[in-house]
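Engineer: Below is the structure I would like to discuss, written out as C-alpha coordinates.
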Amino acid sequence: MSVEIAGVEFPNPIILASCGTGWDGEHLKECGLAGAGGVVPKTLAPKQIEHPRVGRMGLVRHGKKVIGMINLELFSTLPFERWLDRDLEIAAEGGVPIVASVLSDPDPSFTNEVVRKVSETGFVSMIELNMSCPMPVEETGMHISRSPDLIKEQVKASKEASDLPVCAKLSPNYAYIDELAEAAEDANADAIVTANTLQGLHGVDIESGKLTLPAFGGYSGPAIKPVNLKCTAQAAKTIDIPIFGVGGISTWRDVVEYIMVGATAVQIGTVVMNEGLEVFSEFNDKIESFMDEKGYDEIEDMRGIALENLSSAEELAELEPLHAEVDRETCTGCERCIEVCPFEAMELTDGKAESDPERCDGCRLCVAWCPVDAIRLDDRKGATGDP
(Lines give C-alpha, C1' and ligand atoms only; values in the text may rest on other atoms or scores of the structure.)
Protein backbone atom coordinates (compact mmCIF):
# COMPACT_ATOMS: atom_id res chain seq x y z
CA MET A 1 0.00 0.00 0.00
CA SER A 2 2.96 2.35 0.38
CA VAL A 3 3.73 4.95 -2.27
CA GLU A 4 6.70 7.24 -2.85
CA ILE A 5 6.40 10.77 -4.15
CA ALA A 6 9.53 12.84 -4.72
CA GLY A 7 11.46 10.73 -2.22
CA VAL A 8 8.79 10.94 0.48
CA GLU A 9 7.45 7.55 1.59
CA PHE A 10 3.76 7.47 2.46
CA PRO A 11 2.57 4.27 4.22
CA ASN A 12 -0.58 4.30 2.12
CA PRO A 13 -1.99 6.54 -0.65
CA ILE A 14 -4.85 8.11 1.33
CA ILE A 15 -3.85 11.55 2.63
CA LEU A 16 -5.90 13.97 4.70
CA ALA A 17 -6.55 16.99 2.48
CA SER A 18 -6.30 20.56 3.74
CA CYS A 19 -9.72 20.97 5.38
CA GLY A 20 -11.46 21.77 8.64
CA THR A 21 -10.45 18.44 10.17
CA GLY A 22 -6.80 19.45 10.15
CA TRP A 23 -7.23 22.82 11.84
CA ASP A 24 -4.55 22.17 14.51
CA GLY A 25 -1.72 19.81 15.40
CA GLU A 26 -3.76 17.56 17.71
CA HIS A 27 -6.34 16.76 15.05
CA LEU A 28 -3.66 16.13 12.44
CA LYS A 29 -1.95 13.76 14.86
CA GLU A 30 -5.24 11.90 15.37
CA CYS A 31 -5.60 11.45 11.60
CA GLY A 32 -2.12 9.96 11.36
CA LEU A 33 -2.84 7.55 14.20
CA ALA A 34 -6.18 6.64 12.58
CA GLY A 35 -4.51 5.39 9.42
CA ALA A 36 -4.03 8.37 7.12
CA GLY A 37 -1.02 7.96 4.83
CA GLY A 38 -0.11 11.61 5.38
CA VAL A 39 -1.70 14.86 6.51
CA VAL A 40 -2.11 18.34 5.05
CA PRO A 41 -2.86 21.11 7.58
CA LYS A 42 -5.15 24.04 6.92
CA THR A 43 -3.27 26.49 4.71
CA LEU A 44 -0.57 28.37 6.62
CA ALA A 45 -0.37 32.12 6.10
CA PRO A 46 1.63 34.63 8.19
CA LYS A 47 -0.95 37.34 7.65
CA GLN A 48 -3.65 36.70 10.23
CA ILE A 49 -6.81 35.81 8.30
CA GLU A 50 -10.17 35.33 9.96
CA HIS A 51 -12.83 33.13 8.46
CA PRO A 52 -16.56 33.82 8.79
CA ARG A 53 -18.15 32.78 12.08
CA VAL A 54 -21.69 33.60 11.04
CA GLY A 55 -22.23 30.30 9.25
CA ARG A 56 -19.72 29.21 6.61
CA MET A 57 -20.71 25.66 5.63
CA GLY A 58 -23.77 24.29 3.88
CA LEU A 59 -24.71 20.88 2.56
CA VAL A 60 -26.02 20.43 -0.97
CA ARG A 61 -28.75 17.82 -1.28
CA HIS A 62 -30.58 16.09 -4.10
CA GLY A 63 -33.78 15.15 -2.34
CA LYS A 64 -32.56 13.77 0.97
CA LYS A 65 -29.22 12.59 -0.38
CA VAL A 66 -26.17 14.76 0.37
CA ILE A 67 -24.21 15.25 -2.85
CA GLY A 68 -21.85 18.05 -1.82
CA MET A 69 -20.85 20.82 0.52
CA ILE A 70 -20.08 24.51 0.14
CA ASN A 71 -17.56 26.08 2.53
CA LEU A 72 -16.28 29.61 3.12
CA GLU A 73 -13.30 28.39 5.14
CA LEU A 74 -10.39 30.45 3.77
CA PHE A 75 -7.12 29.56 5.54
CA SER A 76 -5.83 28.62 9.00
CA THR A 77 -6.93 31.04 11.69
CA LEU A 78 -4.23 29.90 14.11
CA PRO A 79 -1.28 32.28 14.42
CA PHE A 80 1.49 31.35 12.00
CA GLU A 81 4.05 31.33 14.82
CA ARG A 82 1.97 28.78 16.72
CA TRP A 83 2.25 26.37 13.79
CA LEU A 84 6.00 26.87 13.72
CA ASP A 85 6.52 26.63 17.49
CA ARG A 86 3.97 23.98 18.45
CA ASP A 87 1.38 22.50 16.13
CA LEU A 88 3.59 21.07 13.38
CA GLU A 89 5.58 19.23 16.05
CA ILE A 90 2.38 17.81 17.56
CA ALA A 91 1.13 16.79 14.12
CA ALA A 92 4.38 14.91 13.51
CA GLU A 93 3.55 12.66 16.48
CA GLY A 94 0.98 11.02 14.21
CA GLY A 95 3.89 9.23 12.56
CA VAL A 96 3.07 10.08 8.93
CA PRO A 97 4.49 12.70 6.54
CA ILE A 98 3.22 16.26 6.84
CA VAL A 99 2.57 18.03 3.54
CA ALA A 100 2.44 21.66 4.64
CA SER A 101 -0.10 23.74 2.74
CA VAL A 102 1.33 27.22 2.25
CA LEU A 103 -0.58 30.18 0.86
CA SER A 104 0.87 31.45 -2.41
CA ASP A 105 1.17 35.21 -1.98
CA PRO A 106 0.94 37.53 -5.01
CA ASP A 107 4.51 38.52 -4.11
CA PRO A 108 6.65 35.40 -4.79
CA SER A 109 9.35 36.64 -2.41
CA PHE A 110 6.79 36.52 0.41
CA THR A 111 5.90 32.95 -0.53
CA ASN A 112 9.62 32.18 -0.51
CA GLU A 113 9.95 33.44 3.07
CA VAL A 114 6.97 31.45 4.32
CA VAL A 115 8.21 28.24 2.70
CA ARG A 116 11.66 28.77 4.23
CA LYS A 117 10.27 29.20 7.75
CA VAL A 118 7.98 26.20 7.50
CA SER A 119 10.79 24.03 6.13
CA GLU A 120 13.17 25.03 8.88
CA THR A 121 10.93 23.51 11.56
CA GLY A 122 12.17 20.09 10.54
CA PHE A 123 8.71 18.53 10.92
CA VAL A 124 7.52 18.88 7.33
CA SER A 125 8.20 16.42 4.50
CA MET A 126 6.74 18.35 1.57
CA ILE A 127 5.33 21.76 0.66
CA GLU A 128 1.93 22.14 -1.01
CA LEU A 129 1.45 25.55 -2.63
CA ASN A 130 -2.18 26.62 -2.28
CA MET A 131 -2.61 28.73 -5.40
CA SER A 132 -6.17 27.62 -6.06
CA CYS A 133 -8.52 28.46 -3.17
CA PRO A 134 -11.80 29.62 -4.78
CA MET A 135 -12.81 32.07 -2.04
CA PRO A 136 -10.35 35.01 -2.15
CA VAL A 137 -11.56 38.01 -4.10
CA GLU A 138 -8.12 39.55 -4.54
CA GLU A 139 -4.95 38.25 -6.19
CA THR A 140 -4.40 35.07 -4.16
CA GLY A 141 -5.89 31.60 -4.51
CA MET A 142 -7.29 30.60 -7.88
CA HIS A 143 -6.35 33.99 -9.32
CA ILE A 144 -2.77 32.68 -9.36
CA SER A 145 -3.66 29.19 -10.62
CA ARG A 146 -5.31 30.56 -13.77
CA SER A 147 -1.98 31.83 -15.10
CA PRO A 148 0.88 29.53 -16.20
CA ASP A 149 3.35 32.38 -15.69
CA LEU A 150 2.19 33.06 -12.13
CA ILE A 151 2.33 29.33 -11.33
CA LYS A 152 5.93 29.22 -12.53
CA GLU A 153 6.87 32.23 -10.39
CA GLN A 154 5.40 30.65 -7.26
CA VAL A 155 7.02 27.25 -7.80
CA LYS A 156 10.42 28.73 -8.57
CA ALA A 157 10.29 30.98 -5.49
CA SER A 158 9.43 28.01 -3.30
CA LYS A 159 12.10 25.76 -4.75
CA GLU A 160 14.68 28.44 -4.04
CA ALA A 161 13.59 28.60 -0.41
CA SER A 162 13.73 24.93 0.50
CA ASP A 163 15.22 21.54 -0.29
CA LEU A 164 11.87 19.93 0.42
CA PRO A 165 9.75 18.67 -2.47
CA VAL A 166 7.20 21.22 -3.67
CA CYS A 167 3.81 20.43 -5.16
CA ALA A 168 1.39 22.88 -6.77
CA LYS A 169 -2.32 22.61 -5.94
CA LEU A 170 -4.20 23.62 -9.06
CA SER A 171 -7.71 24.91 -9.63
CA PRO A 172 -10.46 23.00 -11.47
CA ASN A 173 -12.16 26.29 -12.34
CA TYR A 174 -10.18 26.70 -15.57
CA ALA A 175 -10.58 24.48 -18.62
CA TYR A 176 -6.98 23.92 -19.64
CA ILE A 177 -5.53 22.26 -16.57
CA ASP A 178 -3.03 20.43 -18.77
CA GLU A 179 -1.37 23.77 -19.51
CA LEU A 180 -1.35 24.68 -15.81
CA ALA A 181 0.16 21.31 -14.93
CA GLU A 182 2.84 21.76 -17.61
CA ALA A 183 3.70 25.16 -16.16
CA ALA A 184 4.25 23.62 -12.72
CA GLU A 185 6.40 20.85 -14.18
CA ASP A 186 8.43 23.31 -16.27
CA ALA A 187 9.22 25.25 -13.08
CA ASN A 188 10.52 22.00 -11.52
CA ALA A 189 7.61 21.26 -9.22
CA ASP A 190 8.02 17.79 -7.74
CA ALA A 191 4.29 16.97 -7.94
CA ILE A 192 0.92 18.57 -8.51
CA VAL A 193 -2.46 18.31 -6.78
CA THR A 194 -5.57 18.03 -8.97
CA ALA A 195 -7.54 19.76 -7.83
CA ASN A 196 -8.99 22.22 -5.34
CA THR A 197 -12.71 22.80 -4.85
CA LEU A 198 -14.98 24.28 -7.50
CA GLN A 199 -16.27 27.78 -6.94
CA GLY A 200 -19.97 27.68 -6.19
CA LEU A 201 -22.94 29.45 -4.65
CA HIS A 202 -24.85 27.47 -2.03
CA GLY A 203 -28.39 28.50 -2.84
CA VAL A 204 -31.32 30.82 -2.23
CA ASP A 205 -34.03 30.72 0.42
CA ILE A 206 -36.94 31.40 -1.92
CA GLU A 207 -39.25 32.31 0.98
CA SER A 208 -37.09 35.24 2.05
CA GLY A 209 -35.29 35.86 -1.23
CA LYS A 210 -31.93 35.76 0.55
CA LEU A 211 -28.83 33.70 -0.15
CA THR A 212 -28.33 30.79 2.25
CA LEU A 213 -24.57 31.46 2.30
CA PRO A 214 -24.04 35.00 0.99
CA ALA A 215 -20.64 34.54 -0.67
CA PHE A 216 -19.00 32.38 -3.31
CA GLY A 217 -17.43 29.34 -1.71
CA GLY A 218 -15.64 26.07 -2.39
CA TYR A 219 -17.86 23.23 -3.62
CA SER A 220 -16.68 19.76 -2.59
CA GLY A 221 -18.17 16.30 -2.15
CA PRO A 222 -19.36 13.47 -4.42
CA ALA A 223 -20.87 15.70 -7.12
CA ILE A 224 -17.51 17.17 -8.16
CA LYS A 225 -15.73 13.84 -8.70
CA PRO A 226 -16.24 13.74 -12.51
CA VAL A 227 -14.74 17.23 -12.82
CA ASN A 228 -11.65 16.59 -10.73
CA LEU A 229 -11.24 13.07 -12.11
CA LYS A 230 -11.05 14.71 -15.53
CA CYS A 231 -8.43 17.14 -14.22
CA THR A 232 -6.32 14.26 -12.91
CA ALA A 233 -6.58 12.25 -16.13
CA GLN A 234 -5.84 15.28 -18.28
CA ALA A 235 -2.77 16.14 -16.22
CA ALA A 236 -1.56 12.53 -16.16
CA LYS A 237 -1.63 12.43 -19.96
CA THR A 238 0.45 15.61 -20.10
CA ILE A 239 3.13 15.52 -17.38
CA ASP A 240 5.56 13.01 -15.88
CA ILE A 241 5.67 14.20 -12.26
CA PRO A 242 3.44 12.53 -9.63
CA ILE A 243 -0.13 13.63 -8.97
CA PHE A 244 -2.24 13.79 -5.82
CA GLY A 245 -5.85 13.28 -6.96
CA VAL A 246 -8.46 15.19 -4.97
CA GLY A 247 -12.18 15.87 -5.19
CA GLY A 248 -15.42 14.03 -4.54
CA ILE A 249 -13.92 10.89 -3.04
CA SER A 250 -16.54 9.24 -0.85
CA THR A 251 -15.75 5.51 -1.18
CA TRP A 252 -12.70 3.29 -1.51
CA ARG A 253 -13.69 2.66 -5.12
CA ASP A 254 -13.30 6.38 -5.82
CA VAL A 255 -9.73 6.15 -4.56
CA VAL A 256 -9.02 3.31 -6.99
CA GLU A 257 -10.57 5.30 -9.85
CA TYR A 258 -8.25 8.24 -9.21
CA ILE A 259 -5.24 5.92 -9.14
CA MET A 260 -6.34 4.21 -12.35
CA VAL A 261 -6.44 7.56 -14.16
CA GLY A 262 -2.92 8.41 -13.05
CA ALA A 263 -2.83 9.61 -9.44
CA THR A 264 -0.02 8.25 -7.29
CA ALA A 265 -1.94 9.15 -4.12
CA VAL A 266 -5.20 10.86 -3.19
CA GLN A 267 -6.35 13.40 -0.64
CA ILE A 268 -9.72 13.23 1.12
CA GLY A 269 -11.45 15.93 3.15
CA THR A 270 -15.23 16.21 2.95
CA VAL A 271 -15.79 12.49 3.53
CA VAL A 272 -13.63 12.66 6.67
CA MET A 273 -15.60 15.65 7.96
CA ASN A 274 -18.90 13.87 7.23
CA GLU A 275 -18.11 10.31 8.31
CA GLY A 276 -15.17 10.47 10.74
CA LEU A 277 -11.58 9.25 10.90
CA GLU A 278 -12.65 5.62 10.49
CA VAL A 279 -12.71 6.10 6.72
CA PHE A 280 -8.90 5.93 6.56
CA SER A 281 -8.67 2.36 7.85
CA GLU A 282 -11.88 1.34 6.09
CA PHE A 283 -10.68 2.55 2.68
CA ASN A 284 -7.23 1.06 3.14
CA ASP A 285 -8.56 -2.35 4.17
CA LYS A 286 -10.96 -2.53 1.23
CA ILE A 287 -8.36 -1.37 -1.29
CA GLU A 288 -5.91 -3.95 0.00
CA SER A 289 -8.55 -6.69 -0.36
CA PHE A 290 -9.32 -5.45 -3.88
CA MET A 291 -5.65 -5.56 -4.82
CA ASP A 292 -5.32 -9.12 -3.49
CA GLU A 293 -8.39 -10.17 -5.48
CA LYS A 294 -7.10 -8.59 -8.70
CA GLY A 295 -3.49 -9.66 -8.28
CA TYR A 296 -1.99 -6.19 -7.88
CA ASP A 297 1.17 -6.37 -5.78
CA GLU A 298 1.46 -2.63 -5.25
CA ILE A 299 -0.38 0.62 -5.98
CA GLU A 300 1.88 1.33 -8.94
CA ASP A 301 0.58 -1.80 -10.72
CA MET A 302 -2.82 -0.20 -11.27
CA ARG A 303 -1.78 3.43 -11.62
CA GLY A 304 -2.86 4.93 -14.92
CA ILE A 305 -4.23 1.72 -16.45
CA ALA A 306 -7.56 3.34 -17.34
CA LEU A 307 -5.84 5.96 -19.50
CA GLU A 308 -5.16 3.34 -22.14
CA ASN A 309 -8.70 3.66 -23.51
CA LEU A 310 -9.14 7.38 -22.95
CA SER A 311 -10.37 8.75 -26.26
CA SER A 312 -12.37 11.67 -27.61
CA ALA A 313 -16.00 12.01 -28.60
CA GLU A 314 -14.92 12.48 -32.22
CA GLU A 315 -12.90 9.25 -32.21
CA LEU A 316 -15.71 7.30 -30.54
CA ALA A 317 -18.11 8.52 -33.25
CA GLU A 318 -16.07 6.58 -35.81
CA LEU A 319 -16.66 3.21 -34.09
CA GLU A 320 -19.33 0.70 -35.07
CA PRO A 321 -22.63 1.76 -33.46
CA LEU A 322 -24.00 -0.26 -30.54
CA HIS A 323 -27.58 -0.72 -29.43
CA ALA A 324 -29.35 -1.73 -26.25
CA GLU A 325 -29.93 -5.39 -25.55
CA VAL A 326 -32.15 -6.50 -22.67
CA ASP A 327 -31.61 -9.61 -20.55
CA ARG A 328 -35.22 -10.78 -20.25
CA GLU A 329 -34.41 -13.06 -17.32
CA THR A 330 -33.22 -10.09 -15.26
CA CYS A 331 -35.67 -7.44 -16.51
CA THR A 332 -38.51 -6.69 -14.09
CA GLY A 333 -40.62 -4.73 -16.56
CA CYS A 334 -40.44 -1.55 -14.48
CA GLU A 335 -40.56 0.56 -17.69
CA ARG A 336 -37.86 3.00 -16.50
CA CYS A 337 -35.92 2.53 -19.73
CA ILE A 338 -39.05 3.36 -21.72
CA GLU A 339 -39.57 6.55 -19.74
CA VAL A 340 -36.03 7.88 -20.23
CA CYS A 341 -35.33 6.83 -23.84
CA PRO A 342 -35.39 10.00 -25.98
CA PHE A 343 -35.53 7.95 -29.21
CA GLU A 344 -38.59 5.85 -28.25
CA ALA A 345 -36.55 2.72 -28.92
CA MET A 346 -37.76 0.74 -25.88
CA GLU A 347 -41.11 -0.98 -25.53
CA LEU A 348 -42.72 -3.55 -23.26
CA THR A 349 -43.34 -7.00 -24.75
CA ASP A 350 -44.94 -9.69 -22.59
CA GLY A 351 -44.03 -7.70 -19.49
CA LYS A 352 -40.36 -7.29 -20.43
CA ALA A 353 -38.46 -4.39 -22.00
CA GLU A 354 -37.32 -4.82 -25.56
CA SER A 355 -35.13 -2.61 -27.74
CA ASP A 356 -35.81 -1.67 -31.36
CA PRO A 357 -32.32 -1.71 -32.94
CA GLU A 358 -33.48 0.49 -35.81
CA ARG A 359 -34.52 3.29 -33.44
CA CYS A 360 -31.83 2.84 -30.75
CA ASP A 361 -29.11 5.48 -31.07
CA GLY A 362 -26.58 3.87 -28.69
CA CYS A 363 -26.72 6.67 -26.12
CA ARG A 364 -26.54 4.29 -23.09
CA LEU A 365 -29.10 6.23 -21.01
CA CYS A 366 -31.26 3.13 -20.51
CA VAL A 367 -28.20 1.19 -19.29
CA ALA A 368 -27.45 3.92 -16.77
CA TRP A 369 -31.02 4.07 -15.44
CA CYS A 370 -31.87 0.35 -15.30
CA PRO A 371 -32.22 -0.48 -11.56
CA VAL A 372 -31.37 -4.18 -12.03
CA ASP A 373 -28.57 -3.95 -14.63
CA ALA A 374 -30.61 -5.85 -17.21
CA ILE A 375 -29.48 -3.78 -20.22
CA ARG A 376 -26.17 -3.62 -22.01
CA LEU A 377 -24.93 -2.16 -25.29
CA ASP A 378 -24.14 -4.74 -27.93
CA ASP A 379 -22.95 -4.81 -31.51
CA ARG A 380 -25.83 -4.10 -33.86
CA LYS A 381 -24.89 -6.84 -36.33
CA GLY A 382 -24.38 -9.52 -33.70
CA ALA A 383 -27.72 -8.68 -32.04
CA THR A 384 -29.67 -8.98 -35.27
CA GLY A 385 -28.07 -12.28 -36.19
CA ASP A 386 -26.20 -10.89 -39.20
CA PRO A 387 -22.79 -12.47 -39.98
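Engineer: Any chance you could look up the accessible area of Y176 with a 1.4 Å probe, heavy atoms only, rounded to 10 Å²?
Structural biologist: Using a 1.4 Å probe on the heavy atoms, I get roughly 140 Å².
Engineer: Okay, next question. When the chain is treated as a GNM, springs tying every alpha-carbon pair under 10 Å, which of K117, K210, K159 comes out with the largest mean-square fluctuation?
Structural biologist: K210
Engineer: Moving on to the next point. Show me the helices of the chain, taken as full DSSP H stretches, that run 15 Å or more along their long axis by Cα and average -1.0 or above in Kyte-Doolittle hydropathy.
Structural biologist: 108-119, 148-161, 225-236, 278-294
Engineer: Follow-up question, since we're still on this one. Starting from the residue with the highest accessible area, list H51, H202 in decreasing order, probe 1.4 Å.
Structural biologist: Reading off the accessible areas and sorting them downward yields H202, H51.
Engineer: Another question, if that's okay. So with the 1.4 Å probe, I'd like the accessible area per residue for the chain, rounded to whole Å².
Structural biologist: 47 Å²
Engineer: Turning to a different aspect of this structure: Take K352, K169, K294 and sort them by solvent-accessible surface of the protein heavy atoms, 1.4 Å probe, largest at the top.
Structural biologist: K294, K352, K169
Engineer: Continuing with the same structure: Give the cross-link partners of K64 among the lysines, using a straight C-alpha distance below 28 Å as the criterion and excluding same-chain residues fewer than 8 apart.
Structural biologist: K210, K225, K230, K286
Engineer: Just report the Cα centroid separation between region 172-213 and region 139-157, whole Å.
Structural biologist: Between the Cα centre of region 172-213 and that of region 139-157, the gap is 14 Å.
Engineer: Could you sort H323, H62, H27 by their accessible area in this structure, using a 1.4 Å probe and putting the largest first?
Structural biologist: H62, H27, H323
Engineer: Find how many whole Å separate the alpha carbon centroid of region 59-134 from the alpha carbon centroid of region 284-343.
Structural biologist: Region 284-343 and region 59-134 have Cα centres separated by 37 Å.
Engineer: Just to check I understand the Karplus step: with θ = phi - 60° and J = 6.51 cos²θ - 1.76 cosθ + 1.60, what whole-Hz values come out for region 315-329, glycine and proline as x?
Structural biologist: Karplus values, whole Hz, x for Gly and Pro: 5, 5, 5, 8, 7, 4, x, 10, 9, 6, 10, 9, 7, 5, 5.
Engineer: Considering only DSSP states other than H, G, I, E and B, which GluC sites (Glu not before Pro) in region 187-281 qualify as loop sites with at most 10 other Cβ atoms within 10 Å?
Structural biologist: Answer in residue order: E207.
Engineer: For the chain, which cysteines have no disulfide-compatible partner, meaning no other cysteine Cβ under 4.7 Å?
Structural biologist: So far as the 4.7 Å Cβ criterion goes, C19, C31, C133, C167, C231, C331, C334, C341, C360, C363, C370 stand without a partner in the chain.
Engineer: Okay, moving on. Can you pull out the GluC sites (Glu not before Pro) in region 7-98 that DSSP calls coil and that have at most 10 other Cβ atoms within 10 Å?
Structural biologist: E50
Engineer: Who wins for biggest fluctuation among N228, N12, N309 in a Gaussian network model of the chain, springs between alpha carbons below 10 Å?
Structural biologist: Maximum among the listed residues: N309.
Engineer: Percent relative contact order of the chain, based on C-alpha pairs within less than 8 angstrom and at least six residues apart?
Structural biologist: It comes to 13 percent, rounded to a whole number.
Engineer: Now for a different question. Given the options T21, T43, T349, which has the most mean-square fluctuation in a GNM of the chain, springs set between C-alpha atoms less than 10 angstrom apart?
Structural biologist: The residue with the greatest mean-square fluctuation here is T349.
Engineer: A further question follows. Would you list which lysines come within 24 Å of K156, measuring only between C-alpha atoms, while excluding same-chain residues fewer than 8 positions from it?
Structural biologist: Of all the lysines, those that pass the test against K156 - Cα under 24 Å, at least 8 places apart if same chain - are K42, K47, K117, K169, K237.
Engineer: Could you work out what % of the accessible surface of region 187-319 is carbon and sulfur, using a 1.4 angstrom probe and leaving DNA, RNA and ligands out of the count?
Structural biologist: 49 percent
Engineer: From the square roots a ≥ b ≥ c of the eigenvalues of the alpha-carbon gyration tensor of region 144-302, which class results: rounded (a/c under 1.5), prolate (a/b over b/c), or oblate?
Structural biologist: Cα axes put region 144-302 in the oblate bin.
Engineer: Here's another thing I want to ask about it. Pairs of Cα atoms under 8 Å, at least six residues apart: use those to get the relative contact order of region 232-387, whole percent.
Structural biologist: 18 percent
Engineer: Can you list, largest first and rounded to whole Å, the semi-axes you get for region 313-377 by taking the square root of 5 times each eigenvalue of its Cα gyration tensor?
Structural biologist: Value: 21, 11, 10 Å, ordered largest first.
The values are calculated or read from the model by the stated rules, or taken from the named source; none is laboratory data. Please read all numbers here as calculations on a predicted model, not as lab measurements. Positions of Cβ are generated from backbone atoms using ideal geometry, with glycine treated the same way; all protein chains shown enter the neighbour counts. We work out accessible area using only protein heavy atoms, side chains counted, and drop any ligands, DNA or RNA first. Shrake-Rupley method; radii C 1.70, N 1.55, O 1.52, S 1.80 Å.
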